[in-house]
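Take a look at the structure set out below.
The values are calculated or read from the model by the stated rules, or taken from the named source; none is laboratory data. Here the structure is a predicted model, which means the values were calculated and not measured. Virtual Cβ from ideal backbone geometry, glycine too; neighbours counted across all protein chains shown. Each accessible area value is taken on the protein alone, full model and side chains, heavy atoms only, with ligands, DNA and RNA left out. Shrake-Rupley method; radii C 1.70, N 1.55, O 1.52, S 1.80 Å.
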Amino acid sequence: MIREILAHPDPRLRQVSRPVERFDDELRSLVDDMIDTMHDAEGIGLAAVQIGVHLRLAVMKVDENPLRIMINPEYEKLGEPMELDEGCLSVPGVREKTKSRVDRVHVRALDLEGQPYEFEANGLEAACVQHECDHIDGHLYVDCLSNVRRARVLKRYRRERERAAERETRD
Ligand code: NI
């Protein structure tokens, strides 16, 4: 089932998520919805907080890498800082250059059965891990920008939102 994605400045995006403790049908159904919602929005990653569920959980599908279900994820930075044209399904319609990600991370997470697993992510997938883990702690990528860049991207974002709202009232 496709769920509604919360958009900035919804305060629910700023809440810190709590660890997943129950590995049951409810969790599996939530993960299914997150995967459907991510694909529908043509995103490469989605954290549960983005659909208003405050559990430490994200899904990710970047290029040819496998679909990752990251429950209670943690990561270690291994690579070098990378420049990225970053965007977010919760700040739709705009992107901005960021330099706050590293290009290689080692990830530890649990799977749907609650079993620990690890993997190494590179490039865009590494950036996505960092982006989704930020969501889990209530952060958005625009927080990491300089004041000037943040003001600029949020101005563009507000303009996009106004245009979208106008389109909606016309239809
Ligand atoms: Ni995002």
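Entry remark, region 73-115: residues being open to solvent by less than 70 Å² (accessible area, probe 1.4 Å) and part of a strand (DSSP E or B) number 15 in total. Whenever a residue of region 42-63 is in a loop (DSSP other than H, G, I, E, B), its partners that are small (Gly, Ala, Ser) and more than 9 Å from the ligand (Cβ to nearest atom), lying with C-beta atoms within less than 6 angstrom and at least six residues away or across chains, give the pairs His54/Ser17; Arg56/Ser17. Does Glu120 satisfy the condition of being free of Cβ contacts under 8 Å to residues at least 24 places away in the same chain, at negative phi and surrounded by fewer than 21 Cβ atoms within 10 Å (Cβ to Cβ)? Judged against the criteria, Glu120 is not a match.
Determine whether region 14-33 contains at least one residue that is buried (at least 20 other Cβ atoms within 10 Å of the Cβ) and within 16 Å of the ligand (Cβ to nearest atom). No, because not a single residue in region 14-33 is buried (at least 20 other Cβ atoms within 10 Å of the Cβ) and within 16 Å of the ligand (Cβ to nearest atom).
If the condition is being surrounded by fewer than 22 Cβ atoms within 10 Å (Cβ to Cβ) and either within 16 Å of the ligand (Cβ to nearest atom) or at pLDDT 95 or above (or both), then region 131-146 contributes Cys133, Asp134, Asp137, Gly138, His139, Leu140, Val142, Asp143, Cys144, Leu145.
Taking each residue of region 126-140 that is outside any helix (DSSP H, G or I) and looking for partners that are within 11 Å of the ligand (Cβ to nearest atom) and hydroxyl-bearing (Ser, Thr, Tyr) with beta-carbon atoms closer than 9 Å, six or more apart or interchain, yields Leu140/Ser90.
Within region 69-91, being at pLDDT below 95 and within 14 Å of the chain's Cα centre (by Cα) holds for no residue.
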